[in-house]
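Below is one structure, written out as structure tokens, with a few remarks after it.
Derivation of every value follows stated rules applied to the coordinates shown; laboratory data play no part. From a predicted model like this one, the values you see are computed outputs, not experimental measurements. As a convention, Cβ positions derive from the backbone with ideal geometry for all residues, glycine included, and neighbour counts pool all protein chains shown.
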Amino acid sequence: FPVTIKTMEILLIGAAACCTALILSAWLMTFARWFPIDGIDGKFLVDYKTMIRAHVDYALMALFNLAFYAVGIQIELPVFACWCVAIGGFTNPTIFTIAAFDPNFWNKTQWRVFSAISFVLTTIGFLTISWRLVAHFMEN
């Protein structure tokens, strides 16, 4: 029992990172709307809607990390998949965060590579955990 919890602690770290980014993005958007600062609002944060996407995605990914951790207390989850969810769960919303500040984000090769790696990690993590949950169901 304790070994399973220790191997999944990365999910708690991933959740904490997403919650931190969630709060920081909320404050950034609040200040951008309520207290616009010349040179920052519209020039620094160029795409408010994309920042909202990041904000929502951080919340969802934090919840997924916490949910998988909770499930993992009862069902042993593959450690590699937990790492993939924690890393991909943070980097996926970060893609939107960076894009909110850079209007040419989607045209830059380094961000396309970053996005592809992030999507692959997240997919591997989510599918592996999903398959483990189905396997557990089929075993019982």
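Rounded to the nearest 500, what is the chain's calculated 222 nm mean residue ellipticity when only DSSP H runs of at least 4 contribute -39500 (n - 2.57) each, over all residues? Write down the numbers at each step before the final one.
Working: 5 runs with 111 residues, N = 140.
After summing the helix terms and dividing by the residues of the chain, the value is -27500 deg cm²/dmol.
Could you tell me the calculated FRET efficiency between S130 and I52, based on Cβ-Cβ distance and R0 = 35 angstrom, to the nearest 0.05?
Details: r = 27 Å, r/R0 = 0.78.
For R0 = 35 Å, the calculated efficiency reads 0.80.
Students often check this: by mean Cβ neighbours within 10 Å, which of 102-109, 9-16 ranks highest, and how do the rest follow?
Numbers: 102-109: 12.0, 9-16: 19.0.
Output ranking for 102-109, 9-16: 9-16, 102-109.
Dividing the convex hull volume of the alpha carbon atoms of region 6-120 by its residue count, what do you get in Å³ per residue? Could the numbers behind the result be given before it?
Details: hull volume 10.1 nm³, N = 115.
Hull volume over Cα atoms, normalised by residue count, gives 87 Å³.
Considering the dipole of the chain built from charges on the beta carbon (Lys and Arg +1, Asp and Glu -1) around the Cα centre, which of T123, M8, C18 is farthest to its positive end?
T123
For region 40-98, count all C-alpha to C-alpha pairs, find those more than 13 Å apart, and express that count as a whole percent of the total. Working shown, then result.
Details: 1104 of 1711 pairs.
The proportion of pairs with Cα distances above 13 Å equals 65 percent.
Relative contact order for the chain using alpha-carbon pairs under 8 Å, separation at least 6, rounded to a whole percent?
On the way: 154 pairs, mean separation 45.6, N = 140.
Worked out over the chain, it gives 33 percent.
What number, in nm² with one decimal, is the all-direction average of the projected area of the convex hull of the alpha-carbon atoms of region 85-135? Spell out each step's value before the answer.
Working: hull surface 13.7 nm².
The directionally averaged projection comes out at 3.4 nm².
For W106 and Q74, compute 0.36 nm times the residue count separating them, minus their Cα-Cα distance, and round to one decimal in nm. It would help to have the intermediate numbers written out before the result.
Working: separation 32, 0.36 × 32 = 11.52 nm, distance 4.07 nm.
My answer for the length gained is 7.4 nm.
Work out from phi, with θ = phi - 60° and the Karplus expression 6.51 cos²θ - 1.76 cosθ + 1.60, the ³J(HN,Hα) of each residue of region 74-84, listed in order in whole Hz, and give x for Gly and Pro.
Values per residue, Gly and Pro as x: 9, 10, 5, 9, x, 4, 4, 5, 5, 4, 4 Hz.
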